[in-house]
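Report on the following structure.
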Amino acid sequence: MKIIKRMMSVTLLLALVIWWPFAVFASDEDVAQALRRDYPTLNFQQVTPGPIAGIYQVVADQSEILYYAPAAGYLITGEFWTRDSQNLTQQAKVSLMTAKAGLFPLDKAVVIGKGPHQVIEIVDPDCPYCREGSAFFAGRSDVTRYIYLFPLNIHPEAEAKAAYILSSSEPEIAYEEVMGGAFDALPLPEFKNNGLLKEHQRLGQQLGIHGTPKYWVDGRFVAGSSLQLVEKMLSGKQN
């Protein structure tokens, strides 16, 4: 995401908000128009009131949370925290991504398990955190996993591995082999690419995925490799 105008930290913004005279904006759409004017190259999808007066929350690139101060014309990166250590920015992102749980075409996923809990995963075959997650879920009887492959550019062999998994006649077995490192030092078996990886990549782009792993546990989004949180959710210890 490219920002061509001024950016500032949340700390500096809070000092600004105390004394900067607010302009009056009649609606969120007025704010959105001001944002388009100030940052014409910003790819944003939503503008809503932010955590403090005069500051608006912006959803950009499908999954990023930014803040905008229309009176000053500033776009802000950073996080808002409350006195009791609640990360409002992270909560907003979890809500944003949780709302996307219904967008997955489950018939296109690699499906492993038949347990009562639904776990949707977006993973890169060569991402070490994704492999930790794969080991965490392996053999569990309490989950049904729907896995989508999203190889990252930083892993040059990941795309071929992902295509191999999705083109296999037994993708769940191929997935476990790849995530277990079976082809880290050996060449992949020959396979005919069925094109399903392109659909997985397109889905990830539409969701605004920039890193892996990503999880949805019974519809609720879990960022990164927060496997302790996942364990609590599956055990019913996390509301």
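The values are calculated or read from the model by the stated rules, or taken from the named source; none is laboratory data. Since the structure is predicted, the reported quantities are computational estimates derived from the model, not experimental observations. Don't worry about glycine lacking a Cβ; one is built from the backbone with ideal geometry, like all the others, and counts go over all protein chains shown. Side chains are part of the model used for accessible areas, which takes the heavy atoms of the whole protein and leaves out ligands, DNA and RNA. Shrake-Rupley method; radii C 1.70, N 1.55, O 1.52, S 1.80 Å.
Data overview
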{"quantity": "Gyration tensor (alpha-carbon) shape descriptor, the chain, a/c threshold 1.5", "calculated": "prolate"}
{"quantity": "Non-local Lys pairs in the chain, i.e. 8 or more apart or on different chains, that have alpha carbons under 19 Å apart", "calculated": "12"}
{"quantity": "Amide H contacts under 5 Å for residue 74, placed H, 5+ residues apart", "calculated": "69"}
{"quantity": "With DNA, RNA and ligands ignored, accessible area of residue 28 (1.4 Å probe; Å², nearest 10)", "calculated": "60 Å²"}
{"quantity": "Radius 12 Å from Cβ of residue 164, net charge of other residues (Lys, Arg +1; Asp, Glu -1)", "calculated": "-3"}
{"quantity": "The chain: most fluctuating residue of 161, 192, 100 per GNM, C-alpha cutoff 10 Å", "calculated": "192"}
{"quantity": "Surrounding net charge for residue 31, when Lys and Arg each add one and Asp and Glu each subtract one, Cβ distance under 15 Å", "calculated": "-2"}
{"quantity": "Positive-end extreme of charge dipole, the chain - chosen from 186, 216, 54 (charges on Cβ)", "calculated": "54"}
{"quantity": "Carbon + sulfur, % of accessible area of the range 122-239 - ligands and nucleic acids excluded, 1.4 Å", "calculated": "50 percent"}
{"quantity": "Most mobile of 145, 37, 83 in a GNM of the chain (Cα contacts under 10 Å)", "calculated": "83"}
{"quantity": "Relative intensity, log₁₀ I(q)/I(0), of the range 68-185 from a Debye sum that treats every alpha carbon as a point, q = 0.13, 0.23 Å⁻¹", "calculated": "-0.66, -1.31"}
{"quantity": "Rounded percent of accessible protein surface that carbon and sulfur make up, the range 39-120, 1.4 Å probe", "calculated": "51 percent"}
{"quantity": "Directionally averaged shadow of the range 94-155, computed from the convex hull of its alpha-carbon atoms, nm²", "calculated": "4.9 nm²"}
{"quantity": "FRET efficiency, residue 90 to residue 191 (Cβ-Cβ, R0 45 Å, nearest 0.05)", "calculated": "0.70"}
{"quantity": "Mean projection area, nm², convex hull over Cα of the range 122-195", "calculated": "5.0 nm²"}
{"quantity": "Per residue accessible area in Å² of the range 71-221, where ligands, DNA and RNA are left out and the probe is 1.4 Å", "calculated": "49 Å²"}
{"quantity": "Prolate/oblate/rounded call for the range 177-230, Cα gyration tensor, a/c under 1.5 rounded", "calculated": "oblate"}
{"quantity": "The range 63-104 and the range 144-166: distance between their alpha carbon centers, rounded to Å", "calculated": "28 Å"}
{"quantity": "Choice from 65, 52, 165 showing the highest fluctuation, given a GNM over the chain with Cα pairs closer than 10 Å", "calculated": "52"}
{"quantity": "Neighbour net charge for residue 45 - beta-carbon separation under 15 angstrom, K R +1, D E -1", "calculated": "-1"}
